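The values are calculated or read from the model by the stated rules, or taken from the named source; none is laboratory data. Computed from a predicted structure; not experimentally measured. Counting neighbours? That spans all protein chains shown, and the Cβs are built from the backbone with ideal geometry, glycine included. The accessibility values were calculated without ligands, DNA or RNA, using every heavy atom of the protein model including side chains. Shrake-Rupley method; radii C 1.70, N 1.55, O 1.52, S 1.80 Å.
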Amino acid sequence: MTTREFTTHSAEETIVLGRTLAAALAAPKLVVLRGELGAGKTTLVKGIAEGFHAASAENVTSPTFTLVHEYRGPEVNLFHIDLYRIDTPRQLETLGLDDLVADNSILLIEWGEKFERFERERDVEIALARVDDKRGQSVGLRVSENDRRIRISTA
């Protein structure tokens, strides 16, 4: 497993990182996005969608209530999926996520760690976290509320 870590200092930098990551995400892929509420998962997806020319950052929103947003690019279809409100395997099954898997699709799944299936099947895990204010101050760094640590692990 290969792991890389990045730190971004603003939403704009997180979007830029997402654009860069798009170049490394060849379809088909299943990507689990980990992070607490407000960690920046959707912000990163904005950049990934732009990187694939599937949507502009302004048109990418959280699928918290709709559960799945589809963004069609010229070569790749992105499916941004939010499982925060899904609690059981039966609820998961009714979403029909298996029908979204294709040679030209990338599934970006928020809260996928709630289901063992996605832990097994994922190709990439991207974990986002706010940078701990105290840790940064202890080494003399200025830390802002917009700082994010982003860890990317590939199988």
Q.
Please list, in order, the residues from segment 88-120 whose amide nitrogen is less than 19 Å from a point placed 7 Å along the Cα→Cβ vector of residue 1.
A. 108-120
**Q.** Virtual spin-label span in nm between residue 154 and residue 66, 7 Å along Cα→Cβ
**A.** 3.0 nm
Q. Using r as the Cβ-Cβ distance of residue 9 and residue 37, and R0 as 25 Å, what FRET efficiency do you calculate, to the nearest 0.05?
A. 0.80
Q) Summing Lys, Arg as +1 and Asp, Glu as -1, what charge do residues with Cβ under 14 Å from the Cβ of residue 59 carry, residue 59 excluded? A) -1
Q. Quick one, which of (1) 16.7, 58; (2) 22.7, 85; (3) 15.4, 50 is the actual Rg and Dmax of the Cα atoms in Å calculated for this model?
A. (3)
Q: May I ask for the net charge around residue 89, where only other residues with Cβ less than 12 Å from the Cβ of residue 89 are counted and Lys, Arg are +1 while Asp, Glu are -1?
A: 0
Q.
If you restrict to DSSP beta bridges whose two residues both lie in segment 1-134, what percentage is antiparallel, to the nearest 5?
A. 25 percent
Q. Hey, what's segment 22-68 come to in accessible area per residue, 1.4 Å probe, Å²?
A. 42 Å²
Q. By the scheme Lys and Arg +1, Asp and Glu -1, what is the net charge of all other residues having a beta-carbon under 15 Å from that of residue 68?
A. -3
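Highest mean first, how do 11-20, 98-107 rank when packing is the count of other Cβ atoms within 10 Å averaged over residues? Working shown, then result.
On the way: 11-20: 18.9, 98-107: 14.7.
Highest mean packing first, the order is 11-20, 98-107.
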Q.
I'd like the carbon and sulfur percentage of the solvent accessible area for segment 44-155, probe radius 1.4 Å, heavy atoms only, ligands and nucleic acids excluded.
A. 46 percent
Q. Label 7 Å along Cα→Cβ of residue 121; segment 59-87 residues with amide nitrogen under 19 Å?
A. 67-71, 77-87
**Q.** Helix 41-51 axis, angle to the chain major axis (alpha carbon atoms, nearest 10°)
**A.** 70 degrees
Q) Which whole-number percent is the relative contact order of the chain (Cα, under 8 Å, 6+ apart)? A) 34 percent
